[in-house]
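Engineer: Dumping the structure here so I can ask a few things about it.
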Amino acid sequence: MLSEISAIVYHATKIVQIFIFISNLYFFCISIFGFIKRKENTSFYPPQKRFALVTAAHNEEKVIGHIIDSLANLNYPRNMYDIIIVADNCTDRTAEIARKKNAIVFERYDGVNRGKGYALDWVFKKLLNRDNRYDAVCVFDADNLVTQDFLIHMNQKLCEGHKVIQGYVDSKNPFDSWISCSYSIAFWISNRLFQLPRYYLGLSCGLCGTGFCIDVDLLKEIGWGTSSLTEDLEFTMKLALNNYKVAWAHEAVVYDEKPLTLKQSWKQRKRWMQGHADCAGRYLIPLFSKAFREASFTAFDCGVYLFQPISFIFLGFGMLLMWFQTVFPESPIYTLKYMFPPVVWYIIVFIQSMYGPLTLLLEKRLSLKVICGFITFPLYCLTWVPIAIQGLLSKGNKNWYHTPHTRSISLEELKKA
């Protein structure tokens, strides 16, 4: 019996190591193309596109005023964009405040189809029937602040022929807590090592739920139609299946409020993993089928990304085996034998540990506070393991958890900070 258990553990460790190594190697090879920033197209397009700036808000009276003020002061002709607030199942003063700020307000009440994805689908259908008033829609969250040249960059990308563009998602409260700092580090690294290299390689970047732009003709063609807890991920996969890609605008910056506590973060990331698992169940096979049938590297890359929760779980399993071997070195049960000499794994760990700080140095984000944030960042990363397991086990639960936003700060105050 002991030998059988030993054999099972032996093969399990081999599978874990192979999966972790190949996964890390794949993402590393992609990421290196983001280290050197390229010069963008120098042709300047004057304002041509008309925009609907849409914010879906659920009980956001504390922050809704600042996003409207931020959007009202964009460096773009004011008659070429509308500020639209969807007060979604609100029981507070969100709609009232938005109207006082001269935003166009749609109030939606639906106790069954709850969540941002449904709210966006609802308002998009209304906007698409407004006599071709808009060329594109931009989506924001109620807690966001938007840099003044955001629409200049989106207009540029649309005129270059891109149909869907994701902006740079920054943090407006990176140093409020160790959790918000860890979130900020993760987003900064992702912007440079996940999004930017995919744009350079002609792959599809990922929508981040806010700060993105969609051509209206594309919406009319394929519709929004997302129903998962991660509507941004679902639409990204839907685009790939329809031969569209998400482009990247590194200079179009949106500041997003990050959770302050581990409890808030856990609930939010669990929802992300539930939606991720749901999307994997529905889109993984079609994406890989398209990838091999049509030799589509974009579809293949999107499919690989959908495997990410499994990577987290395998990483956790590998760490558990390493812990078992350390605590019980004389155990008769086979624990962990390396595919490569231990020194190779030490080199891999060292490179990964230095990768983040080096990336933020390139992004001009490295400061004493950020360096201190890297002390707790590994703990934040480790929490992804149980969260991924929870998300996979509860992927059928589509109850929307609303992350409360309380960081009321203007763009001017943020610049001073």
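Engineer: How big is the gap, in Å, between the Cα center of the range 367-396 and the Cα center of the range 113-170?
Structural biologist: About 29 Å separates the Cα centre of the range 367-396 from the one of the range 113-170.
Engineer: If you take the C-alpha gyration tensor of the range 91-239, multiply each eigenvalue by 5 and take the square root, what semi-axes do you get, largest first, in whole Å? Don't skip to the end; give the middle numbers.
Structural biologist: Working: eigenvalues 122, 95, 53 Å².
Largest first, the range 91-239 gives 25, 22, 16 Å.
Engineer: So what are the three principal axis dimensions of the range 23-133 from its Cα atoms, in whole Å, longest to shortest?
Structural biologist: Sorted from largest, the Cα extents of the range 23-133 read 48, 40, 30 Å.
Engineer: Which percent of Cα-Cα pairs in the range 135-190 sits in each 10 Å bin, short to long?
Structural biologist: 19, 43, 28, 9, 0
Engineer: On to the next question. Which of the lysines could be linked to LYS100 by a straight reach, that is with a Cα gap under 26 Å, when you skip same-chain ones fewer than 8 residues away?
Structural biologist: Straight-distance partners of LYS100: LYS62, LYS116, LYS125, LYS126, LYS172, LYS415.
Engineer: Another question about this same structure. In whole angstrom, how far apart do the alpha carbon centroids of the range 221-270 and the range 44-59 sit?
Structural biologist: 17 Å
Engineer: Right, another one. Give the order of ILE387, ILE104 when sorted by the count of other beta carbons within 10 angstrom, beginning with the fewest. Mind showing how you got there, number by number?
Structural biologist: Numbers: ILE387 22, ILE104 15.
By the 10 Å Cβ count, ascending, the order reads ILE104, ILE387.
Where a number appears in this text, it was derived from the coordinates with a stated rule and is not lab data. Because the structure is a prediction, the values reported are computed rather than measured. Every residue, glycine among them, receives a Cβ derived from its backbone with ideal geometry; neighbour counts consider all protein chains shown.
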